[in-house]
Structures are given as structure tokens and as C-alpha cells.
Amino acid sequence: MTEKKGPDPFFSLALSQLDELYAIGGGPGANRPGLSAAEEEAHHLVECWMQDAGLETSRDAVGNLYGRLRGRRPELGEIWCGSHLDTVPSGGKFDGALGVIGSLAAVSGLEQGDRTVAVVAFRDEEGWRFGRGFFGSRAATGQLPPDAYDLADREGVTVRDALEQLGYGASDPASAPVDLPAVFLELHIEQGPVLAGRSAPVGIVESIVGLVELDVVFEGKAGHAGTTPMADRRDAALCAAAFQLEIADAARAIENAVATVGVISVEPGASNVIPRVARLVVDARAPDDDRVADLERRIRDAAERCAEAYGCTAEMGEGARTHAVLTDPAVKATATTAANGAPALPSGAGHDAQILGMAGVPVGMVFARSLAGGVSHSPLEDTSAEDVGIAIGVLQRALAELASAP
Ligand code: HGY
Ligand code: MN
Ligand code: MN
């Protein structure tokens, strides 16, 4: 199994840097929405740490941050590692941050190789503020939809406004793409119980889940909560409740599919008014695109059925959509060798690595074991300092190998 990695100066520094990042944005948990002042503060802090480590730093049109260790042969494609620094509300200490800080520690201890190695921090991977997610990696790989900068947050601030406020006056999504790397290898906390169940400190990812986000609006009829007979009601919230039960059944009917509604609101929003409108965002995932398509079909059918049953109309919009992605066999093999053997496992979480994979970049992922039952997107997210050290060592050996490849 993976050799024990003793703490080295970069590893100890990484632990204190993770603590410092976790404090940004206030608690409980980590609170760094995409393109917010808190995410920008995290990016600025990491940029300084990259410079302290002797890396050449730069930012692209949307504020993705790059720290480069230049290789001897600039004509060869680069090797990228890294992840994201934004979080979900009350997120964990390690989701994203471990990938950026662990990569910085790994690259800080690397000798110069043939290929340039870059540590990358992608913007707004989670999509908490504007919806959709994977914003920075989609921008860098030319996968943003034309309306991407028009998306607005709950206060009506658009992506374009937020970019301008941060000084990234990106004109339009088409100007965002950058030269892509030869390989992207992402370190991330597992966010699940598999490695703990296998007593393995690290795992090597074989596939990354496909997902679709559906924006659903049910519209019924407002009315008096006390005087309207039950049989005469067109209660949009009741329709939404029935729909949520149906999407859970749809996910259970498909092997390893999952679905939930993490965002829901009703209008007009008074306790004594029968809700006229219910707005929901469905997050639906499955290990391959066929199963995502089957799940999406069942969810759309359920929306129509529930709307009819409760006298409502249903409107379906689409939020984020990512393809299921297989990691590159050669990159997976390099990471497995660097780990002296480690379990292969699928990722039920989406990652920037899949966005680069969708753009044709050979990708790999190294997972550090989650503790606390694998909980994530929660302040309870946890891993051990030892596993962080082991994961950094695995990443460093894999990067050294990839950077020396002809
Ligand atoms: O939702 C996800 O899987 C990732 O955390 N953005
Ligand atoms: Mn996440
Ligand atoms: Mn993440």
C-alpha cells in the first residue's frame, strides 16, 4: 500500500494554509461563493503563497489563477493540477481547497522537469451564487453558453457585474478560453465513505458522474388558506411536494442514480395564502450519460403528471449539464503507481476535471480519504493530516513522472 509520508516543510505549511483559507467568509463552515469578495480573498492569498513558493503566477479573463513551475522544454504541453477555492454555503474545509493547497505543496517540492507544471484554482466550481457551476473551468475550456455572463444572483447582480467588480472585465464568454494542458490531475477529498471502508488513505478515480440540473416552476392559484375548500385548491407547493417524492422514486429505480431538490421557494410566501408558484432546482446524477438521460426523462414525466394531478402548470428549464467522464487510462496508471497501489473508485461528485475531460484533455483524479462517514458539503467534512500528507506525496510523484514524460 501507499508508503507513509512523513511531514516535510511543504506538507506542514499546507495544513496551516488550509486553516487560514477555512477562516475566510465566516462560519459555520466555509462560505466563499463564486466571484465573491471571499473567493477573491482566497485567490489573492493563494497567489501570494504561489509566489512565495517561487511559482510564476497569472490570471485569465475570468480570474482563474495559475502558478507555474516552468519546464526545460516550453514546446511541450503543460501538466496542470489544482481544483477550486469557492465553496457551497456552510461547506467543508477541504472541498476544493485541499486540491489547490495540496497541489501547491506537491509542486513546491518538485525539481524542474521537461514540462511546465501549473497549479490552477478555477473560479466558481460550485455554482452556489449564480447556479450552473464549473464556471471557471468551462470558461477556460471554451464551454460557457453564450448567456453565461447574464446569469444573475438573488440580488440581481449578473456574472458580468461580478467580474467587473473584481476587475476581470471579461467582455464575452468567447474571449475566455486559454491554451489547454496535456494533462490535468486533480487532487480532491473523496466526499464519500468508500476509502474509509477499504482502509485506504488514497484512491484513484476511474469515472466522474454525469449530472443535469433542471429548473422547475409549478404555477397554480393563490387563495385564502382558510376559506378555500381542499377540493378547489391548485396548491403549487403541494404539487412540488408530490413531485419531489416522485423524483426520489425515479432515482431509486435506476442503478446508482441519485436526485434531490436543494433549492425550493414558494410565492407569494405568506402562511395564510395558498401558494400560487413553487420554484425548484433538481440535481440529478448517474454514472453514465444513458442513465442520466433515462433519469431526466422520468423527472420530466413526473413534473407533467404532478402538474395535471394538482391543477397546476409546469415549466422546465435547464441549469447545468455535465457529461459522465472516464479518467484517462495512462494518467490513472501513473497515479496508481505513484500511490504504490490504491483502490480505483467512481466519483459521485462533479469536478473541474470532468469539464477538462469534456474538452478532450486527458484527466485523472487522486482522492484523499474522507472521515466522518464521508460527509461533505457540510462543516463536518473531514480527513486526517496523515492522509493529506500521503495524498500530497502521491500527487508529487505522479506530477514528477508526468512532467518528465517525452
Ligand atoms: O456538486 C458537485 O458535485 C460539486 O461539488 N460541485
Ligand atoms: Mn463541492
Ligand atoms: Mn469540489
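The values are calculated or read from the model by the stated rules, or taken from the named source; none is laboratory data. Just so you know, these numbers come straight off a predicted model, no measurement behind them. Virtual Cβ from ideal backbone geometry, glycine too; neighbours counted across all protein chains shown. Protein only, heavy atoms only, side chains kept; ligands, DNA and RNA dropped before computing areas. Shrake-Rupley method; radii C 1.70, N 1.55, O 1.52, S 1.80 Å.
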> Using alpha-carbon pairs under 8 Å, 6+ residues apart, how would you state the relative contact order of segment 357-406 in percent?
Replying inline: 27
> At a Förster distance of 22 Å, what's the computed FRET efficiency of Gln112 paired with Asp179, Cβ-Cβ distance as r, to 0.05?
Replying inline: 0.65
> If you average 1/r over all unlike Cα pairs in segment 107-158 and invert the result, what Kirkwood radius do you get in angstrom?
Replying inline: 13.2
>> Skipping prolines and chain starts, which residues have an amide H placed within reach, meaning under 5 Å, of the one on Leu187, given they are 5 or more residues away or on another chain?
In response: Gly82, Val366
> Using +1 on the beta carbon of Lys and Arg, -1 on that of Asp and Glu, and nothing else charged, what's the dipole of segment 193-323 about the Cα centre, debye to 20?
Replying inline: 380
> What share of the DSSP beta bridges in the chain is antiparallel, in percent to the nearest 5?
Replying inline: 70
>> Skipping prolines and chain starts, which residues have an amide H placed within reach, meaning under 5 Å, of the one on Gly192, given they are 5 or more residues away or on another chain?
In response: Ser370
>> Can you give me the orientation-averaged projected area of the convex hull built on the Cα atoms of segment 216-317, in nm²?
In response: 6.2
> In segment 26-71, what percent of the accessible surface is made up of carbon and sulfur (1.4 Å probe, ligands and nucleic acids excluded)?
Replying inline: 53
>> Helix-only estimate, please: 222 nm mean residue ellipticity of the chain, summing -39500 (n - 2.57) across DSSP H runs of length 4 or more and dividing by its residues, to the nearest 500.
In response: -10500 deg cm²/dmol
> What net charge do the residues around Val363 carry, taking every other residue with its C-beta under 11 Å from that of Val363, with Lys and Arg at +1 and Asp and Glu at -1?
Replying inline: -2
> Taking the alpha carbon gyration tensor of segment 154-249, what are the square roots of 5 times its eigenvalues, largest first, to the nearest whole Å?
Replying inline: 42, 29, 12
> According to a simple spin-label model (label point 7 Å from Cα along Cα-to-Cβ), what is the distance in nm between Cys48 and Ser16?
Replying inline: 1.3
> Comparing Arg321, Arg32, Arg300, which has the greatest mean-square fluctuation in the GNM of the chain with Cα pairs linked when under 10 Å apart?
Replying inline: Arg300
> What shape does segment 1-152 have by the C-alpha gyration tensor, where a ≥ b ≥ c are the square roots of the eigenvalues, rounded means a/c under 1.5, and otherwise prolate means a/b greater than b/c and oblate the rest?
Replying inline: oblate
> Based on the alpha-carbon gyration tensor of segment 323-384 and its eigenvalue square roots a ≥ b ≥ c, which shape applies: rounded if a/c is under 1.5, prolate if not and a/b is larger than b/c, or oblate?
Replying inline: oblate
> Along the charge dipole of the chain, Cβ charges K/R +1 and D/E -1, which of Thr228, Val366, Thr57 sits furthest on the positive end?
Replying inline: Val366
>> Sort 267-275, 38-46 by packing, meaning the average of other beta carbons within 10 Å per residue, with the highest value first.
In response: 38-46, 267-275
> Anyone know which of Gly54, Gly82, Gly71 comes out most mobile in the 10 Å Cα GNM of the chain?
Replying inline: Gly54
> Which value in nm describes the separation of the simple spin-label points at Ser271 and Asp289, placed 7 Å from the Cα toward the beta carbon?
Replying inline: 4.9
>> Can you give the FRET efficiency to the nearest 0.05 for Met316 and Thr158, using r as the Cβ-Cβ distance and R₀ = 22 Å?
In response: 0.40
>> Quick check: pseudo-label points 7 Å beyond the Cα along Cα→Cβ at Arg73 and Ala241, how many nm apart are they?
In response: 6.6
> To the nearest 0.05, how large is the calculated FRET efficiency for Ser58 and Ala248 if R₀ is 35 Å and r is the Cβ-Cβ distance?
Replying inline: 0.20
>> Before I look further, what does the chain give for accessible area per residue, probe 1.4 Å, in whole square angstrom?
In response: 40
> So how much accessible area does Arg59 have, in Å² to the nearest 10, using a 1.4 Å probe?
Replying inline: 70
>> Tell me whether segment 82-190 comes out rounded, prolate or oblate; compute the Cα gyration tensor, take square roots of the eigenvalues as a ≥ b ≥ c, and use a/c under 1.5 as the rounded threshold.
In response: oblate
> Karplus couplings for segment 31-37 from phi (6.51 cos²θ - 1.76 cosθ + 1.60, θ = phi - 60°), rounded to Hz, Gly and Pro as x?
Replying inline: 9, 10, x, x, 6, 9, 4
> Percent of accessible area on segment 87-231 owned by carbon and sulfur, 1.4 Å probe?
Replying inline: 50
> Which log10 I(q)/I(0) values, to two decimals, does segment 67-145 give at q = 0.12, 0.16, 0.25 Å⁻¹ under the Debye formula with one point per Cα?
Replying inline: -0.41, -0.66, -1.10
>> Spelling out what I want: for every residue of segment 186-196, take phi, set θ = phi - 60°, compute 6.51 cos²θ - 1.76 cosθ + 1.60 (Karplus), and round to whole Hz; glycine and proline get x.
In response: 9, 9, 8, 5, 5, 6, x, x, 5, 5, 5
